[in-house]
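Report on the structure given below.
The values are calculated or read from the model by the stated rules, or taken from the named source; none is laboratory data. Bear in mind the structure is a predicted one, so any value in this text is a computation, not a measurement. Cβ atoms come from the backbone with ideal geometry, glycine included; neighbour counts cover every protein chain shown. Note: areas computed on protein heavy atoms with side chains; ligands, DNA, RNA excluded. Shrake-Rupley method; radii C 1.70, N 1.55, O 1.52, S 1.80 Å.
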Amino acid sequence: MRLFLLLALTFSTLNINAKLLDKIAAVVDDHIITKSMIDRVKKSLPIRQNISPFIYKQENFTDKEIAELFIRKFIIRSTLAEQGYVISDATVEKEIKRKEQRLGLSRADLIAFLKKNNTNFDEFFELNKEAIEFNHFNSVVIIPLISVSEQEIKNEFFKQNVNNKTVSYRYTLVDFSIDPSIVPKSKYAHFRKSMQSFQKGGPLPNEYGSIETSTLGDITADGLTEKLQRLLNKTQEGEFTQPIEMMGATHIFYVKTRDVVESSLYQQSKPQIRAKIYERKAKEVTKMWFEREKSNHYVKTY
């Protein structure tokens, strides 16, 4: 015990003025992520963004964000290994040679280029391996969890063109004529919520059984009042409008369907809208997947 204390004291004395060379930033399973590893990524970020823009998407990263990229890399590698998918060195080498041929570079040229861009061949090799793994992971794990419906595309199109007077709509509306004695203003929110459930197959509350309804099918916006048009522009398909005073009575409309009368603009916009929604969903799904998967691994950040 005395010997141990003596050695510890000696070591402490020798290192009292020593500079901290490195420190642990995070741990995932049996992998240690150090501050120097994070600094290396920052130093070589431009070339990483060029090689793997789908991983290094941001212009700049904090230390914490880079540590998270390392954590995700090791979790992806572990997940793929469990599925029997392991990237061999030969596969990575084949991909690197393909890039050399496409760019007309020799191995010496490549190494010189990497050196000028603050990296080396070992890091380049690992980066290519990481990219291959990420692409496969995205294909077999994330993409099957994402779907973009026609309705979502339509709703996004409507949002983007809410003030576009060249876009005309065709509606199927369910008109609810509100009797103030049955549905006072204080109960409008409850009424809409109850009717929303009813339109989707839920039971009709007894208190609303006597309310008059009528379905207005295949009507265009041109046939509606300007006030109602503005109200419908703010309401998505499958939702209820806010109350509106018409012909001496209060009405709430359920937007059963809404379609574009002239669909050329819609058809042209669909690919971009689908891509926008897909990208947003992919980001959300990926974040949720990693949050869940972390519980199956030892992850510690410092």
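How about Lys35: which aspartates and glutamates have a C-alpha closer than 15 Å to its C-alpha, ignoring those fewer than 8 places off in the same chain?
Within reach: Asp22, Asp63, Glu65, Glu68.
Which of the peptides 266-278, 215-227 is most tightly packed, and how do the rest follow, going by the mean number of other Cβ atoms within 10 Å of each residue? List each step's numbers first, then the result.
Details: 266-278: 14.5, 215-227: 11.8.
Ranked by mean Cβ neighbours within 10 Å, highest first: 266-278, 215-227.
Given a 1.4 Å probe and every protein chain left where it sits, what share in percent of the accessible area of segment 263-302 is carbon and sulfur?
On segment 263-302, the fraction of accessible area on carbon and sulfur atoms equals 52 percent.
Report the net charge of residues surrounding Glu100, where surrounding means a beta-carbon distance below 14 angstrom and charges are Lys +1, Arg +1, Asp -1, Glu -1.
In short, +3.
Taking the radius of gyration and the Kirkwood hydrodynamic radius from Cα positions alone, what is the Rg/Rh ratio for the chain, to two decimal places? Could you put the intermediate results ahead of the total?
Numbers: Rg = 30.1 Å, Rh = 25.3 Å.
Taking Rh as the inverse mean 1/r over Cα pairs, Rg/Rh reads 1.19.
Please identify every one of the trypsin sites (Lys or Arg not before Pro) in segment 77-183 that sits in a loop by DSSP and has no more than 10 other beta carbons within 10 Å of its own beta carbon.
Lys165
Can you give the local net charge around Ile273? Use residues other than it whose beta-carbon is closer than 12 angstrom to its beta-carbon, Lys and Arg +1, Asp and Glu -1.
Net of charged neighbours comes to +2.
Longer than 29 Å from Cα to Cα, which of Lys159/Lys256; Lys115/Lys281; Lys159/Lys294; Lys116/Lys287 are they? Say none if no pair is.
Pairs exceeding 29 Å: Lys115/Lys281; Lys159/Lys294; Lys116/Lys287.
For a test of the definition: using alpha carbon positions, the gyration tensor, and the 1.5 limit on a/c, classify segment 250-302 as rounded, prolate or oblate.
Oblate, because a/c is 1.5 or more while a/b does not exceed b/c.
Specify whether the C-alpha gyration tensor of segment 145-233 places it in the rounded, prolate or oblate class, a ≥ b ≥ c being the square roots of the eigenvalues: rounded for a/c under 1.5, otherwise prolate if a/b is larger than b/c and oblate if not. Show your work: numbers first, answer last.
Values: a/c = 2.24, a/b = 1.44, b/c = 1.55.
Here segment 145-233 falls in the oblate category.
Give me the percent of accessible area attributable to carbon and sulfur for segment 11-156, probe 1.4 angstrom.
Of all accessible area on segment 11-156, carbon and sulfur atoms account for 55 percent.
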